[in-house]
1. Return the subset of LYS166/LYS216; LYS202/LYS383; LYS134/LYS202; LYS81/LYS166 for which the Cα-Cα distance in this structure is over 27 Å, preserving the input order.
2. Order these by the 10 Å Cβ neighbour count, fewest first: PHE322, PHE207.
3. What does the net charge come to around ASN129 if you take all other residues with beta carbon closer than 11 Å to its beta carbon, with K and R at +1 and D and E at -1?
4. Residue by residue through region 387-394, which ³J(HN,Hα) values in whole Hz follow from phi under the Karplus form 6.51 cos²θ - 1.76 cosθ + 1.60 (θ = phi - 60°), with glycine and proline marked x?
5. Using the Karplus curve 6.51 cos²θ - 1.76 cosθ + 1.60 with θ = phi - 60°, work out ³J(HN,Hα) for each residue of region 355-363 in order, rounded to whole Hz, and write x for Gly and Pro.
6. Taking neighbour counts of Cβ atoms within 10 Å as a proxy for exposure, in what order, fewest first, do ASP203, ASP275 appear?
7. What list do you get for VAL344, VAL211, VAL200 if you sort them by fewest beta carbons within 10 Å?
8. Under the rule of at least 5 residues apart or a separate chain, name every residue whose amide H is placed under 5 Å from the amide H of VAL56.
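Values quoted throughout were computed directly from the atomic coordinates according to the rules given, and no laboratory measurement underlies them. All values reported here derive from a predicted model rather than from experimental measurement. Glycine gets a Cβ as well: all are built from the backbone with ideal geometry, and neighbour counts include every protein chain shown.
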Amino acid sequence: MNTEQSTSRWMRLREVLVTTLLGWIPSIALGSKLRNVLYRSIFARIGSSVYIQNGVEFINTSCIEISDGAYIFNDVRLNAKGHENNKICIGKQVVLERGVQVGALNNTCINIDENTYIAPYVCIAGPGNIKIGKDCMIASHSGIYANNHNFADLNVLIREQGVTRKGIIIEDNCWLGHGVTVLDGVIIGEGSVIGAGSVVSKDIPPFSVAVGVPAKVIRDRQNKELDNNNSRLDIKVNVALAQIEKTAELSYSHTVNATVFPDFILENLLYVLLDCIREVMNVDTITILLPTNNGQQLAVCATIGLEEEIVESVRIPIGQGFAGHIAASGKQMIVDDLSKVEVVSPILRNRGIQSMIGVPLRLKEGASGVFHVGTFRHCEFTKDDVQRLQLVGDRIGSAIEPFVTEILRTSQSK
């Protein structure tokens, strides 16, 4: 065994002994102070007033730097194993909540700059370099992965084809929502917001709001106009739509049991979306109707503002009444005064609705559901209101199309 190997093994043994002996002392003042002082002998650097809770795991501490005032909570894992040039740098006042994992593998530098907050169970991993700027917020269960597997050669196992390592940069003052995934080669510009559940596969310009799978810019925080239909939708509506689209895509691609998915999307995602739209558009009722299995009638899939126990039994013949005409014609409809138009069910009038918008919810093979909103006051809806509702309807229809039959079966069995 040469001198270099012997030195490396001794350093690792010392690291294991120190972190094992000190790492599980409860995080009362004594435990935290002992770790702050005695860890200095094995880390590349530890600043002043660093708080390290018990149960934190460190690997290859000689490549880890922790700056003044950082907070590292239990079950965090900082792994710099694999190369002497690896480096993990935790900046001043950085907070790593419980369960955060940071892995710098194979000549990698991961730098988290000052005043950044990393929420529970976030994973940050190389082998590409990762730079997270100042004053960022990364919400729980997000993943930042600076590598991507090559898979072009069908004759070689994917795990044997190597990986890309372009690196990731998240600039200052960014907020990543719950469950965001950032892929290799991406730069997220300063001051950007990434909606919950989004997958960032391309660069995001500074001061942007981006949502979806893959993430698309829907708004410029500096109030610049965007040539993008989704920019006409409120951020909360876009985030809710992105959650529906992501869940539908994952369920469909993994062939999840159809009896599970429709119930989940109906009772959780759709109602969140409808409530967002009701708030943004300042309407009182909002309803989605889908064609029944025989294609001759419409049944209520989801509604807010109408009594569900009543509307569950309602069937609207295609071609009759407000919703039936929209489904048959595939055309949008604005009604300023509901008392002047034909309705099949008395529920709308009995509930006191005065004005409505309805748009077709386009499905496969020319079938069409209906998406409508209503107000208890007289309201003169605009063409822009109609187009925004149509944008939402188109995205809902596309997302739930593979599950329409099961959604209706589930909702009608309640």
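1. Check vs 27 Å cut-off fails for LYS202/LYS383.
2. PHE207, PHE322
3. Charge balance near ASN129 sits at +3.
4. 5, 5, 5, 5, 4, 5, x, 5
5. 10, 8, 10, x, 10, x, 10, 6, 10
6. ASP203, ASP275
7. The fewest-first ordering by Cβ neighbours comes to VAL344, VAL200, VAL211.
8. ASP75
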